[in-house]
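What follows is a set of notes on a single structure, which appears directly below.
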Amino acid sequence: MTLSLSLPLFQSGNAKLAAQELPQNREQIRLSFAPLVKKVKPAVVNIYTKRVVAPQNPFMADPFFRQFFRNNMLDMPMRQHIEASLGSGVILQPDGLVATNAHVIDSATEIVVVLTDGREFPAQIALIDKASDLALLRIDPGSENLPFVTLKPSESLEVGDLVLAIGNPFGVGQTVTSGIVSAQGRSSLDINDFNFFIQTDAAINPGNSGGPLVAMDGGVVGINTAIFSSSGGSLGIGFAIPSEMVATVVAAEKSGHRNEKGVVRPWLGVNAQTVTSEIANGLGLPRPGGALIADMNPASPLLKAGAKPGDIVISVNGHAIHNAAEMKFRMATVPVGEKAQLEILREDKILTLTLQALPPPDDPPRQETTLKGRHMLNGVTIANLNPAVAADIDYIGPEQGVIVLRVPQKMRQRFLSSGDIILEINDKKMKTVTDVIKAIGTPELKGYTLVLLSQGRTKTIFFGY
């Protein structure tokens, strides 16, 4: 059988052609990524940033020290200095749109993009999306078109496929490493709000962040973002943000579906959990997998589409859902205004639901306020909790009450944290920001008792003047 299939290749005129195309000896066999690297490398850039760092007095964080320094000596800023850092990026459009990681340019006061040919361009931030740890930069090439690469769906990858990672590790210069796709859909991480990554053993080191993960046809399937390491160097466990999320950020920059926090994404208004083996056994399911809807906001678009608590989401737009993180990721890549199809398992039936991808409602009004005055909440920023606020800070829990958005450095990890819910002040329930302002603004108040919901637990704190 093998012989008969091979014969036509060597018959008549094909024999000469075959002799030209097939390697004739060991020296002619050359396995190389060079053609692919030549194609992609010009579009990969080095990113250099500068930021102003103002160290804080280490004693500021201790409220007991502050009791003895009422002249605010501890608040005096220490000497500022300039901190330089580096990263990588990739040009996605010939007019100068560059993708990188948000953490590469976070708080930068100056950003310079350097091409492989040595050209340098000052860069402007087009969009920062901290939820996905992605950012877009704009550079101005003038009348020239820049080299660029295109995004390729990461779902086209299979575990075992070859990939390249290109970047500027440790600032030594542009470097290419190769490896395979070790896994898809890694979710047991805490790198960004979506926790859905491509895992690769291609060497990724500090400085590679923001560079592309490249498939064998030259398409960018991900943006390299993090590693697991005990030493700071590569141990063969690297992670890249899938290209589908990158495409969502690029589309939002063009469409305007963005705000000061980054990309505006669809709101489901549900809390979901992964169907584990224990849950599957309890529900009588043949195997684990899917996202179990635990509870729903009364205004949830998914509720309006026909879902209810206890349903299990098993696919979004044709993509199988294996866990709650994957459902969140898939919905986050649906542009606002479009429709999404979800398959749910209800008892023994599979139902198909269609919902409109809408942004989270900003109702009741958030009333964001930074508290001022001679009290221990001075400088704390609070807001009325609503779906839009919850989406902005990736908060999961009751979507009502008064939430702490920002806390001064001196309070962090002491008694108050971002995401805490203020339940009561002096035995009075706090339903709105106005309630809090009234409670702490009472002139005759000599102290107060604060009841918080913090990381799912209730705690009580007493403050005195």
Does segment 240-256 contain at least one residue that is modelled with pLDDT under 90 and either in a strand (DSSP E or B) or crowded, with 24+ Cβ neighbours inside 10 Å (or both)? no
Just to be sure before I move on: is D140 buried (at least 19 other Cβ atoms within 10 Å of the Cβ), of a type in the set (D, E), more than 21 Å from G218 (Cβ to Cβ) and touching a residue at least 24 places away in the same chain (Cβ under 8 Å) in the structure I sent? no
Could you go through segment 286-293 and let me know if any residue there is charged (D, E, K, R) and within 15 Å of N271 (Cα to Cα). no
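Does L355 satisfy the condition of being assigned to a strand (DSSP E or B), touching a strand residue (DSSP E or B) at 6+ places or on another chain (Cβ under 7 Å) and at pLDDT 95 or above? Quick ask: steps written out before the conclusion?
On the way: assigned to a strand (DSSP E or B): yes; touching a strand residue (DSSP E or B) at 6+ places or on another chain (Cβ under 7 Å): yes; at pLDDT 95 or above: no.
It is false that L355 is assigned to a strand (DSSP E or B), touching a strand residue (DSSP E or B) at 6+ places or on another chain (Cβ under 7 Å) and at pLDDT 95 or above.
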Here are the criteria: (1) surrounded by fewer than 18 Cβ atoms within 10 Å (Cβ to Cβ); (2) among the polar types (S, T, N, Q); (3) closer than 15 Å to L342 by Cβ. Tell me which single one S300 does not satisfy. (1)
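Just to check your reading of the model, which residue among A135, A131, A165 is part of a loop (DSSP other than H, G, I, E, B) and within 30 Å of A324 (Cα to Cα)?
Details: A135 fails: part of a loop (DSSP other than H, G, I, E, B); A165 fails: part of a loop (DSSP other than H, G, I, E, B).
Being part of a loop (DSSP other than H, G, I, E, B) and within 30 Å of A324 (Cα to Cα) holds for just one of A135, A131, A165, which is A131.
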Heads up, the helices (runs of 4 or more DSSP H) in segment 275-343 (entirely inside) with at least 2 residues that are touching a residue at least 60 places away in the same chain (Cβ under 8 Å) are 324-332
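Scan segment 360-376 and tell me whether some residue there is under 30 Å from P408 (Cα atoms), of a type in the set (S, T, N, Q) and assigned to a strand (DSSP E or B). Before the answer, list the steps.
Just the residues of segment 360-376 that are under 30 Å from P408 (Cα atoms), to begin with: 360-376.
From what's left, of a type in the set (S, T, N, Q): 367, 369-370.
Those still in the list that are assigned to a strand (DSSP E or B) too: 369-370.
Scanning segment 360-376, I find at least one residue that is under 30 Å from P408 (Cα atoms), of a type in the set (S, T, N, Q) and assigned to a strand (DSSP E or B), so the answer is yes.
Residues are listed down the side, and each one gets a yes or a no for (1) within 28 Å of V336 (Cβ to Cβ); (2) under 22 Å from the mean Cα position of the chain (by Cα):
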residue: L353; (1), (2): yes, no
residue: P361; (1), (2): yes, yes
residue: R366; (1), (2): yes, no
residue: V380; (1), (2): no, no
residue: V389; (1), (2): yes, yes
residue: Y395; (1), (2): yes, yes
residue: G419; (1), (2): yes, yes
Of the conditions (1) surrounded by 14 or more Cβ atoms within 10 Å (Cβ to Cβ); (2) in contact with a strand residue (DSSP E or B) (Cβ under 6 Å, 6 or more places away or on another chain), T109 clears all except one; give me its number. (1)
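The values are calculated or read from the model by the stated rules, or taken from the named source; none is laboratory data. Since the structure is predicted, the reported quantities are computational estimates derived from the model, not experimental observations. Quick reminder, even Gly has a Cβ in these numbers, built from the backbone with ideal geometry, and neighbours come from all protein chains shown.
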